[in-house]
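Below you'll find the structure, written out as structure tokens, and then a few comments.
The values are calculated or read from the model by the stated rules, or taken from the named source; none is laboratory data. Given the structure is predicted, the values throughout are model-derived calculations rather than measurements. Cβ placement follows ideal geometry from the backbone for every residue including glycine, while neighbour counts extend to all protein chains displayed. When the accessible area is computed, the model is the full protein with side chains, heavy atoms only, and any ligands, DNA or RNA have been set aside. Shrake-Rupley method; radii C 1.70, N 1.55, O 1.52, S 1.80 Å.
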Amino acid sequence: MRPSRALIDLQALRHNYQLAREVSGARALAVIKADAYGHGAVRCAQALQEQADGFAVACIEEALQLREAGIRGPILLLEGFFEADELPLIEQYDLWCVVHSSWQLEAIERSAIRTPLTVWLKMDSGMHRVGLHPADYQAAYQRLLASGKVAKVVLMSHFARADELDCPRSEEQLAVFQQARQGIVAEVSLRNSPAVLGWPNVPSDWVRPGIMLYGATPFEQAQAVAARLQPVMTLESKIISVRELPAGEPVGYGARFVSERPTRVGVVAMGYADGYPRHAPTGTPVAVDGQLTRLIGRVSMDMLTVDLTDLPHAGLGSRVELWGKQVLASEVAQQAQSIPYQLFCNLRRVPLLYLGD
Ligand SMILES: *Cc1c(COP(=O)(O)O)cnc(C)c1O
């Protein structure tokens, strides 16, 4: 059997969720969209079920998968519905729903639902992706209340640059939000992971942690609270072949690496078809039998090569950690000009093995 796999540490997941709640002092919707960022949404939801105040997903397909697996409690649709005919299902499966556009508001007003919904009304406070214009926000809020179709409204917005700790933009967005919601007495939700970790003064009755649940930092630089996260996923495989090369020999496609000295090359059963980033350059950290070394040469579809020259005890069958508790996914991401979010979401073909249930 191919030795490549991703271990998912559910104990670490619970630790990170608890940390999000602790540092924010707020209720937390565990964001498990996109199959829990590649970690398996149903298993992650089950592991958090007792603890979590609720969950958040991108669309109704993801929510129904959770309900069918027996997940109870609040599930928020972060983009609401894409078509008005989802509203009866939202009612039937007792889902919470973001309203980010006026067409959604109108669809709710026109709908025939009988059980009043919980709506998270999203304001565009400056990211300019989705959300109602600040000038339209109060009227939208009043129309939702007047529709008779809505039981509760949570006020929501999203920051574009919360991962940049020196950037004033989050505070500017907060000011726009506060100005536009003045006079509305309701719960508020503003913070994703970088805002939970890095912006403690931003008010939020509800936080929406995603990437931090999986133990990866959203920041490029070190950050004190992020340092307390525990990596959840360990992507690992084994050395399946070893060769000794003299100096001056190329390794792999395109001869992107040429040995500067006599080099011991280990071949690892892991490639870009598993989701390991093809753009990770020579020098990207990997751990072999617990010791740090480097990727060399181009990543292929099913294999990649590592430098074993300074690890004389490593060889055939040695365990390789591509990312996990020793090699952080955020470090690999930075090398590959990507982000841990994308690394996790790109994971495929490797079986997921769950620990700490
Ligand atoms: C995905 C998402 C989140 C989670 O973001 P992280 O940076 O992963 O914490 C929070 N809020 C909204 C609206 C999202 O779409």
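Under the rule of at least 5 residues apart or a separate chain, name every residue whose amide H is placed under 5 Å from the amide H of Ile75.
Phe55, Trp96
Bin all alpha-carbon pair distances of the range 26-127 at 10 Å intervals from 0 and give each bin's fraction as a whole percent.
15, 48, 29, 7
Just the number, please: carbon plus sulfur as a percent of the accessible area of the chain, 1.4 Å probe, no ligands or DNA/RNA counted.
Heavy-atom surface of the chain belonging to carbon and sulfur, 1.4 Å probe: 51 percent.
Tabulate in residue order the Karplus-calculated ³J(HN,Hα) for the range 142-159, using 6.51 cos²θ - 1.76 cosθ + 1.60 with θ = phi - 60°, rounded to whole Hz; enter x for Gly and Pro.
5, 5, 4, 4, 6, 5, x, 9, 10, 8, 8, 10, 9, 8, 9, 8, 9, 8
How far is it, in nm, from the label point at Gln142 to the one at Arg67 when both lie 7 Å from their Cα along the line to the Cβ?
About 3.3 nm, to one decimal.
Counting only residues 5 or more places away or on other chains, whose amide H sits under 5 Å from the amide H of Ser318 once H atoms are built in the peptide plane?
Ile239
Hey, can you find the accessible area per residue of the range 233-355 for me, probe 1.4 Å, expressed in square angstrom?
That works out to 46 Å² per residue.
Which residues' amide hydrogens lie under 5 Å from the amide hydrogen of Thr309, considering only partners 5 or more residues apart or on another chain, with H built in the peptide plane?
HN-HN under 5 Å from Thr309: Arg264.
Which Rg and Dmax, in Å, describe the Cα atoms of the range 10-218?
16.4, 48
What order do you get for 207-219, 168-180, 267-279 when each peptide is scored by the mean count of other beta carbon atoms within 10 Å, highest first?
Ranking, from highest mean packing down: 207-219, 267-279, 168-180.
So if I place +1 on the C-beta of Lys and Arg and -1 on the C-beta of Asp and Glu, and nothing else carries charge, what would the dipole magnitude of the chain be about its Cα centre? I want it in debye, nearest 20.
360
Kirkwood Rh over Cα pairs of the chain into Stokes-Einstein at 20 °C, 1.002 mPa s: D in µm²/s?
Approximately 98 µm²/s, per Stokes-Einstein.
State the dimensionless ratio Rg/Rh of the range 233-355 (Rg: radius of gyration of Cα atoms; Rh: Kirkwood radius).
That ratio is 0.94, to two decimals.
Apply the Karplus curve 6.51 cos²θ - 1.76 cosθ + 1.60, θ = phi - 60°, to the phi angles in the range 132-139 and return the couplings in whole Hz, x for Gly and Pro.
Working through the residues one at a time gives 6, 4, x, 5, 9, 5, 4, 5 Hz.
Under a GNM of the chain (C-alpha, springs under 10 Å), which listed residue has the highest mean-square fluctuation: Glu106, Glu331, Glu244?
Among Glu106, Glu331, Glu244, the largest GNM mean-square fluctuation belongs to Glu244.
Output needed: percent of Cα pairs per 5 Å distance bin for the range 1-71, bins running from 0 to the one holding the longest distance.
Distribution as computed: 3, 16, 27, 23, 16, 9, 4, 2, 1, 0 percent.
Describe numerically, in nm with one decimal, the distance between label points set 7 Å from Cα along Cα→Cβ at Gln182 and at Cys59.
4.0
Choose one answer from Leu245, Leu121, Leu295: the residue with the largest mean-square fluctuation in a GNM of the chain with alpha-carbon springs under 10 Å.
Of Leu245, Leu121, Leu295, the most mobile in the Gaussian network model is Leu245.
Provide the per-residue ³J(HN,Hα) series for the range 275-283, in order, calculated from phi with Karplus coefficients 6.51, -1.76, 1.60 and θ = phi - 60°, each as a whole number of Hz, with x at glycine and proline positions.
Ordered by residue, 3J(HN,Hα) equals x, 5, x, 5, 8, 4, x, 3, x Hz.
Any idea what angle helix 10-24 forms with the longest principal axis of the chain, computed on alpha-carbon atoms, 0 to 90 degrees, nearest 10?
Once rounded, one gets 50 degrees.
Could you grab the relative contact order for the chain? Cα pairs under 8 Å, six or more apart, rounded to a whole percent.
After rounding, I find 19 percent.
Glu244 to Ala224: FRET efficiency via 1/(1 + (r/R0)^6), r the Cβ-Cβ distance, R0 45 Å, to the nearest 0.05?
Efficiency, from the Cβ-Cβ distance: 0.50.
Which length gain, in nm to one decimal place, applies between Arg278 and Leu353 when the Cα-Cα distance is subtracted from 0.36 nm times their residue separation?
Difference between extended and current length: 24.6 nm.
Given the options Ala247, Ala58, Ala107, which has the most mean-square fluctuation in a GNM of the chain, springs set between C-alpha atoms less than 10 angstrom apart?
Checking each option, the largest mean-square fluctuation is seen for Ala247.
Only Cα pairs under 8 Å and at least 6 apart count here; give the relative contact order of the range 200-357 as a rounded whole percent.
25
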